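The values are calculated or read from the model by the stated rules, or taken from the named source; none is laboratory data. Keep in mind that what you see is a predicted model, and the values were worked out from it rather than measured. Cβ coordinates were reconstructed from backbone atoms using ideal geometry, including for glycine residues, and neighbour counts include every protein chain displayed. Each accessible area value is taken on the protein alone, full model and side chains, heavy atoms only, with ligands, DNA and RNA left out. Shrake-Rupley method; radii C 1.70, N 1.55, O 1.52, S 1.80 Å.
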Amino acid sequence: MYIISGTASHQIAQDLSKILKIPLARIISKRFPDKEFYFRIVDDIKDKNVIIVQTTYPDPNLVELFLMQNAAEEAGAKKITVVIPYYGYARQDTKFQEGEALSAKAIADIISLNADEVITVDPHKEHILDFFSTSAVSCTAVPEIANYLKTKKIDMLLAPDKGALDRAKQASEIIGCEFDHMEKTRIDGSTVEMKPKELDAKNKTVAIIDDIISTGGTMALAIKELKKQGAKKVLVACTHGLFAGDAVKKLSSSGCDEIISTDTIQNDYSTVKTARCIAKLMENK
Ligand code: R5P
């Protein structure tokens with residue numbers, strides 16, 4: 001059995017290799033001068049089980065994954081497990097308007113061509129797993145994030161909206177603090193107030209948890225409002241830190257005291273590791 005590491009997920013592949021005691025396959029990968037990708041598996045994987053690890057964001061990483069899967073199939077791998085720490089395109093999980101691409105399914109269709117099993121972490125919505133025509137399962141990084149937050153003396157865990165309340169509840173149970181979700185109230189034509197539905201943030205250290213931080217707009221608004229309401233500290237945490245454009249600047253200038261994300265997308269804020277929850281899911285299958 002071998003683990004095959006994609007360029008976007010070296011750290012998780014290495015961690016999985018240590019935890020599961022499965023060697024990393026020797027590979028050669030490069031970009032041609034025109035930026036096309038080249039991939040070769042050096043070890044003989046014929047009739048062996050392989051685990052390919054590659055996050056599919058941003059787009060070039062998708063093409064890398066397709067070529068890695070093809071290389072494994074061409075080399076005669078017996079079983080191909082594809083670990084996708086962050087499955088991009090999951091937010092276009094329905095046709096919101098006639099004529100749109102159903103992106104979450106389009107990508108799943110292609111990945112399913114050369115995969116016996118797909119594993120991902122905190123998909124945006126659980127039902128996107130049904131888009132894969134092969135077996136697809138997910139694990140959650142919320143316990144790992146909560147264990148990190150536990151060291152930060154959090155008084156209150158908040159979801160930025162009602163839809164993310166379960167995540168905040170799960171984390172709050174591990175931390176042992178109260179939880180709530182933010183609610184937007186329109187005051188007048190140009191003013192929207194956002195505050196915890198039931199609880200009071202005054203003088204509290206608050207953490208807001210979401211699955212994704214993309215532009216940072218959702219979190220920035222929540223941070224500003226909580227600080228206005230007297231919160232002592234506001235930390236933001238997510239599984240997938242996309243931090244598009246000036247997201248980090250936006251969060252900092254809103255008064256954010258700490259930005260926390262996992263390593264499903266490697267960045268300066270990926271302090272929380274996800275390999276353990278992925279490995280646990282594999283071991284329990
Ligand atoms: C939305 O449904 C997600 O859970 C996140 O709340 C959203 O992707 C955050 O986006 P942004 O950082 O751009 O506000």
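Odds and ends about this structure:
- Theoretical FRET efficiency, 1/(1+(r/R0)^6), r = Cβ-Cβ of Asp43 and Lys153, R0 51 Å, to 0.05: 0.60
- The chain, relative contact order in percent, only Cα pairs under 8 angstrom and at least six apart counted: 14
- Virtual paramagnetic centre 7 Å along Cα→Cβ of Asn203, amide N under 16 Å, in the stretch 220-240: 229-233
- The stretch 221-285, relative contact order [Cα under 8 Å, separation at least 6], %: 29
- Sparsely packed GluC sites (Glu not before Pro) within the stretch 111-206, loop by DSSP, other Cβ within 10 Å at most 16: Glu198
- Proximal lysines to Lys48, defined as alpha-carbon separation beneath 22 angstrom and excluding residues fewer than eight positions away on the same chain: Lys18, Lys21, Lys78, Lys79, Lys280, Lys285
- In order along the stretch 243-250, phi translates into HN-Hα couplings of 6, 6, x, 9, 4, 5, 4, 4 Hz, rounded to whole numbers, per the Karplus curve 6.51 cos²θ - 1.76 cosθ + 1.60 with θ = phi - 60° and x for Gly and Pro.
- Whether the stretch 147-259 is rounded, prolate or oblate, judged on the alpha carbon gyration tensor where a/c under 1.5 counts as rounded: rounded
- Rounded to the nearest 0.05, the FRET efficiency derived from the C-beta distance between Lys18 and Glu193 at R0 = 41 Å is 0.30.
- In this simple spin-label approximation, Thr271 and Lys78 carry label points 7 Å from Cα along the Cα→Cβ vector, and these lie 4.3 nm apart.
- Taking every DSSP bridge with both residues inside the chain, close to 20 percent are antiparallel.
- Build a GNM of the chain with springs between Cα atoms under 10 Å apart, and of Pro123, Pro196, Pro60 the one that fluctuates most is Pro60.
- Cα-based equivalent ellipsoid of the chain: semi-axis lengths in Å, sorted from largest, via gyration tensor: 37, 20, 17
- Trypsin sites (Lys or Arg not before Pro) lying in DSSP loop within the stretch 126-161, provided at most 10 other Cβ fall within 10 Å: Lys153
- The stretch 36-182: relative contact order as a whole-number percent, Cα under 8 Å and 6+ apart: 17
- Gyration tensor verdict on the stretch 221-285 (Cα atoms; rounded if a/c is under 1.5, prolate if a/b is larger than b/c, oblate otherwise): prolate
- Straight-distance candidates among the aspartates and glutamates for linking to Lys46, with alpha-carbon spacing under 19 Å and chain neighbours fewer than 8 residues away dropped: Glu73, Glu74, Asp116, Glu117.
- Loop GluC sites (Glu not before Pro), the stretch 25-74 (other Cβ atoms within 10 Å of the site Cβ: 13 or fewer; DSSP): Glu36
- Between amide H atoms placed 1.01 Å from N, distances below 5 Å from Thr215 occur with Ala244, all of them 5 or more places distant or on a separate chain.
- Compared with the alpha-carbon gap, the fully stretched path from Lys224 to Asn284 is longer by 17.4 nm at 0.36 nm per residue.
- Sorted largest first by accessible area at a 1.4 angstrom probe radius, with every protein chain in place, the residues Met1, Met219 fall in the order Met1, Met219.
- Length added when fully stretched, Lys125-Leu113, from 0.36 nm per residue minus Cα-Cα: 2.1 nm
- Residue (of Val50, Ile84, Phe132) at the positive-pole extreme of the stretch 17-148, dipole from beta-carbon charges: Val50
- Spread of Cα-to-Cα distances over 10 Å intervals beginning at zero, given as percent, for the stretch 2-143: 12, 43, 34, 10, 1
- Gained length - Asp166 relative to Glu258, 0.36 nm times residue gap less alpha-carbon distance: 30.9 nm
- 15 Å beta-carbon shell around Leu24, net charge (K/R +1, D/E -1): +2
- Lysine pairs in the stretch 101-170 with Cα atoms under 19 Å, if 8 or more residues apart or on separate chains: 6
- Projecting label points 7 angstrom from Cα along Cα→Cβ for Lys249 and Phe32 puts them 3.7 nm apart.
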